[in-house]
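Okay, so here's the structure we're looking at.
The values are calculated or read from the model by the stated rules, or taken from the named source; none is laboratory data. Just so we're clear, the structure is a prediction, and the values are computed from it rather than from any experiment. Quick note on the areas: whole protein, heavy atoms, side chains included, nothing else; ligands and nucleic acids left out. Shrake-Rupley method; radii C 1.70, N 1.55, O 1.52, S 1.80 Å.
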Amino acid sequence: MTVPDSGASRLIDPRLRPAPGAPSPTAAFFDLDKTVIAKSSTLAFSKPFFNQGLLNRRAVLKSSYAQFLFLMSGADHDQMDRMRSYVTAMCAGWDVEQVKAIVNETLHDIVDPLVFAEAADLIADHRLCGRDVVIVSASGEEIVAPIARALGATHAMGTRMVVKDGKYTGEVAFYCYGEAKAAAIRELAALEGYALEHCYAYSDSITDLPMLRAVGHPSVVNPDRALRKEAAAHEWPVLTFSRPVPLRDRISTPSSAAVATTAALGLSALAAGALTYSVLRRLSF
């Protein structure tokens, strides 16, 4: 597995480097939609799902409209609940293996142009500092896990739907959202030995406030109005990500400068541990 190269001329922000005596291991938790990629990861796959006969034209139009609303407004709890209900109803009866195959076959065409360069750089910097990188999203785990692999992440967490006879029933077994997302992070931290007060988290939405509060180093990315207000109250860093770039151009062997930086820090990549079977799913590289 290769790590996204952050560029030989870039220096890692000193605020990301482990403090002297800081416990190890630690992690950086990233929300996905509008934090790492510029759209809803679930709705971005509407076209290939249509091409494979899973969606009709009416459903594609509704997905496009939902995507527009998602991008143009801060997603509050009611909007996220409506989005969840729409997506789960849309997926009822779909064959799970077919969905996985479509996502894997079209991943780079769909997701590559959507990845923020700033997010890719930040993920690379955290990896060079020896941290695990965890992608945490309300999107389905069948979509989140392949995207996380492409980003060079260590773990992925996503919503898990109920499956019967190889097909989605339209019910949700675990909704990776709000307080449940924070609980899943704490569960992973207990399994991996992360000291959350030394971990990092990034999100754009007020719905991820529990996740941000769970770590010692929260930052907000392109925040909605409510989250920007919270960030100002707590003096959290506010980051602006605005440059989507092809991901495949950023997955390469680390430069000599990156390797030297890693050696100077005296850190190595940490081995990924086991994930709880009911909430988290291990990525296989």
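Please give the length that would be gained between ASN51 and ASP95 if that part of the chain were fully extended, namely 0.36 nm times their separation in residues minus their C-alpha to C-alpha distance (nm, one decimal).
Once the chain is fully extended between ASN51 and ASP95, it gains 14.4 nm.
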- What pairs in LYS100/LYS167; LYS34/LYS167; LYS100/LYS181; LYS47/LYS100; LYS34/LYS229 have C-alpha atoms more than 21 Å from each other? LYS34/LYS167; LYS100/LYS181
- Per residue, how much accessible area does the range 148-244 show when a 1.4 Å probe rolls over the protein heavy atoms, in square angstrom? 43 Å²
- Message: Within the range 107-249, what whole-number % of the accessible surface is contributed by carbon and sulfur, with the 1.4 Å probe and all protein chains included in the calculation?
- Response: 51 percent
- For LYS229 and ASP13 in one chain, what is 0.36 nm times their gap in residues minus the Cα-Cα distance, to one decimal in nm? 75.3 nm
- May I ask you to compute the full-extension gain from SER24 to VAL163, defined as 0.36 nm times their residue separation minus their alpha-carbon distance, rounded to one decimal in nm? 46.3 nm
